[in-house]
């Protein structure tokens, strides 16, 4: 009886060891194969400056990509959003045509015009929800095609 109990214990223990090895291998081998496209947080952007020019009602955002993951060569920016800092309301939503590519360590300035008579971005067209920014504090948000948002420092409209 004791030998039978020993044999059963050895078989069960062996199965546990084998299953643990299989599970460990399955998790470690799949983790290494996660594609870079599935890791959205791997693009990093530094916004160097943001300013408002009252003479032509434009917002300029100067930025650069500081980190890219995998085979990416640029952070792709199809959209810029201007928000009121006090209320969080979106006051302008710009679809960039053509789309802006921020490359590593290469400063790029996106200039968005708020005036309806000049309804374009230096690099394409825009959709304006507001023709003028009321005096106050605002933020510009650069939106990437990977789903990330990069918020600028605040800028003042007087």
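The values are calculated or read from the model by the stated rules, or taken from the named source; none is laboratory data. Note that the structure is a prediction, hence the values are computed from the model and not measured. Cβ: placed from backbone, ideal geometry, glycine included. Neighbour counts: every protein chain shown.
So the values come out like this:
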read-out	value
Any chance residue 118 is modelled with pLDDT under 80, surrounded by fewer than 16 Cβ atoms within 10 Å (Cβ to Cβ) and over 20 Å from the mean Cα position of the chain (by Cα)	yes
Looking only at the stretch 121-146, and only at residues there that are in contact with a helix residue (DSSP H, G or I) (Cβ under 9 Å, 6 or more places away or on another chain) and either over 24 Å from residue 66 (Cβ atoms) or at pLDDT 85 or above (or both), the one that is surrounded by the most Cβ atoms within 10 Å (Cβ to Cβ)	144
